[in-house]
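Peer 1: The following block contains the structure, expressed as structure tokens.
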Amino acid sequence: MAYLALMFVTDLLSDYIGYKWGNNFIMLHIYSLTELGFMIYLYQKVMFRKRHLPLLILGILGLVYITAEIALLYVFNQIVVKDFQPYAKVVDNFIIILMALAYMQERMNRFREQQWGNFRLNMAFLVYFTVNTVFFLPFNFMVNASSDVKFYFWTGHVSLLILLYSYLGFKMLKIPSKAMLA
């Protein structure tokens with residue numbers, strides 16, 4: 001529920017900044033920073049049985065990289081739309097994919113999974129972030145392309161996002177009301 005709330009606030013902020021400043025490019029970085037920070041917390045505190053220090057360090061390095069990219073693009077330089085090629089979302093996706101794979105490896109090594117809900121949630125994250133990486137690798141081309149092909153990519157991305165959010169929403173509906181109040 002916290003993930004959906006964070007992404008909703010990010011979307012509202014994106015609309016506001018786009019309206020106020022004329023573009024909302026910075027929100028891709030803020031979205032990536034927020035998403036990666038949340039996923040690091042989720043995997044380290046909730047999903048993993050024990051802390052995975054190498055993945056925690058990699059996650060923190062990813063957060064530092066995204067912050068440095070924000071500073072480089074928005075503080076020290078003027079943004080040129082034709083040259084806009086952020087790698088923040090790809091870094092974000094890649095680190096989350098590694099955490100999802102580590103979770104699978106941790107669970108498969110035990111050979112007796114008791115909570116399939118977390119395993120399914122992990123698989124949903126793995127599929128979403130892997131396919132999402134394919135959409136964000138050619139970001140510069142998609143922003144600057146004059147063809148209609150870019151709309152198919154964005155439609156695919158939005159469809160994938162709707163599927164993930166729907167899955168998370170249905171998972172929340174299955175939680176008993178007592179657990180949500182606790």
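We did not get these values from a lab; they are worked out from the coordinates using the rules stated. Predicted model, so just to flag it, every value in this text is computed and none were measured. Cβ placement follows ideal geometry from the backbone for every residue including glycine, while neighbour counts extend to all protein chains displayed.
Peer 1: Provide the FRET efficiency to the nearest 0.05 for the residue 9-residue 130 pair, computing r from the beta carbons and using R0 = 22 Å. Before the final figure, lay out the partial values.
Peer 2: Values: r = 25 Å, r/R0 = 1.15.
For residue 9 and residue 130, the calculated efficiency is 0.30.
Peer 1: Say the cut-off is 25 Å between C-alpha atoms; which of 45/89; 20/89; 45/171; 50/89 go over it? Intermediate results must be reported in sequence, preceding the final value.
Peer 2: Values: 45/89 23 Å; 20/89 23 Å; 45/171 19 Å; 50/89 27 Å.
Too far apart for the 25 Å limit: 50/89.
Peer 1: Between residue 158 and residue 56, what length comes free when the chain is fully extended (0.36 nm per residue of separation minus the Cα-Cα distance, one decimal in nm)?
Peer 2: Values: separation 102, 0.36 × 102 = 36.72 nm, distance 2.90 nm.
My answer for the length gained is 33.8 nm.
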